[in-house]
Structure formats: structure tokens, C-alpha cells
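The values are calculated or read from the model by the stated rules, or taken from the named source; none is laboratory data. What you see is a predicted model; the values in this text were computed from it and never measured. Note: ideal-geometry Cβ built from the backbone for every residue, glycine included; neighbour counts use all protein chains shown. Accessible surface areas use protein heavy atoms only, side chains included; no ligands, DNA or RNA. Shrake-Rupley method; radii C 1.70, N 1.55, O 1.52, S 1.80 Å.
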Amino acid sequence: MSEKLKPAGFYSDTEVGEPGQPTLADSRGKYAGPVESIASYLRNAHHIAVSGVGVYDEVDPDRPFVAELSIQTDGVWFWPSSYPYYVEKYRVQVPEELLKLASSRGWLPPTFPDGADFDDRIPFGD
């Protein structure tokens with residue numbers, strides 16, 4: 001079995017999080033670096049699953065549309081499609097290991113074949 005993917009951007013106080021994960025509220029304002037490169041890396045990574053369900057801003061009282069819910073990966077980390085939005089808009093925390101990996105790749109996520117199967121590497125969810 002391959003190594004489990006590491007989660008980022010899943011928050012227990014949002015519809016894509018689970019109990020025990022950090023909260024979006026506590027993660028806001030914890031990233032002080034430039035956002036353009038990491039947000040682009042996150043946004044352009046491989047989609048593991050696409051739901052067709054909309055994700056809306058959990059902070060803004062007007063709840064603007066953020067993205068169609070999907071789960072993305074770079075082969076080491078995985079995150080919901082809302083994560084780059086929250087990094088850009090609210091400067092949520094980005095794990096240092098993820099930043100180092102993205103930087104080492106020149107801010108370009110790897111590509112995977114459409115049929116790539118990551119199911120056994122996701123550490124939670126159904």
C-alpha cells in the first residue's frame with residue numbers, strides 16, 4: 001500500500017471537514033507569505049473527485065460561490081477545491097512542508113493520468 005496523502009485545507013467548521021480537524025476560524029490570518037504561487041499550485045493540481053456540488057464562502061455572511069467541490073492532490077497532499085480561495089482571501093495556514101514541496105516543483109503540480117486511483121491513500125472519509 002502506498003503512503004497516505006496528507007490533508008490540508010479541511011476544516012471541522014465547514015461542510016468539507018470532519019471533527020478533530022482544525023477550524024477555518026482558527027486558521028485565518030496564519031499565512032504571511034505570498035499567495036499567488038501557492039494558490040495557483042493548489043488550484044491547478046490533479047482532481048481526484050468532482051462532486052458537482054457548489055462550495056460557498058463559510059466566512060462571508062453573503063456566502064458567495066467559491067468553487068465546484070472537488071478534491072485535489074499533488075501526490076503527497078490533498079485538499080478541497082475551496083482551499084486556494086481561503087488561502088487567497090483569508091490567508092489561512094499553509095503547512096510548511098506543502099510550501100517547500102510546491103516551491104521545489106517550481107510551483108507546478110505534477111500531472112497524473114485520468115484513471116489514477118488515490119482512494120486507498122486518503123486517510124479519512126468515505
Exercise. Pull out a ≥ b ≥ c, the square roots of the eigenvalues of the alpha-carbon gyration tensor of segment 9-67, then state rounded if a/c is under 1.5, prolate if not and a/b is larger than b/c, and oblate in the remaining case.
Key: rounded
Self-check item: Local electrostatic count at Trp107 - Lys and Arg +1, Asp and Glu -1, tallied over other residues with Cβ under 13 Å
Solution: +1
Self-check item: Separation of the Arg43 and Arg91 label points, Cα + 7 Å toward Cβ, nm
Solution: 1.9
Practice problem: Considering Cα pairs under 8 angstrom that are at least six residues apart, work out the relative contact order of the chain and quote it in whole percent. | Solution: 33
Practice problem: Taking the Cα centre of segment 2-101 as origin, work out the dipole magnitude from +1 charges on Lys and Arg Cβ and -1 charges on Asp and Glu Cβ, in debye rounded to 20. | Solution: 220
Exercise. Sticking with the crude label model, points 7 Å out along Cα→Cβ, report the distance from Val35 to Leu108 in nm, one decimal please.
Key: 2.6
Quiz item: So how much slack lies between Ala116 and Val50, counting 0.36 nm per residue of separation and subtracting their Cα-Cα distance, in nm?
Solution: 22.4 nm
Quiz item: Top to bottom by accessible area (1.4 Å), largest first, where do Phe124, Phe65 land?
Solution: Phe65, Phe124
Quiz item: Fully extended, how many nm does the chain gain between Arg28 and Glu15 (0.36 nm per residue separation, minus their Cα-Cα distance)?
Solution: 3.0 nm
Self-check item: Formal net charge of residues neighbouring Tyr41 (Cβ-Cβ distance under 14 Å; K, R +1; D, E -1)
Solution: -1
Practice problem: Tell me what the chain gives for mean residue ellipticity at 222 nm when only DSSP H runs of n ≥ 4 count, each as -39,500 (n - 2.57), the sum divided by the residue total, rounded to 500 deg cm²/dmol. | Solution: -6000 deg cm²/dmol
Quiz prompt | Span per principal axis, largest first, for the Cα atoms of the chain (Å) | solution = 41, 31, 25
Self-check item: Per residue value of the accessible surface for the chain (all protein chains in place, 1.4 Å probe), Å²
Solution: 55
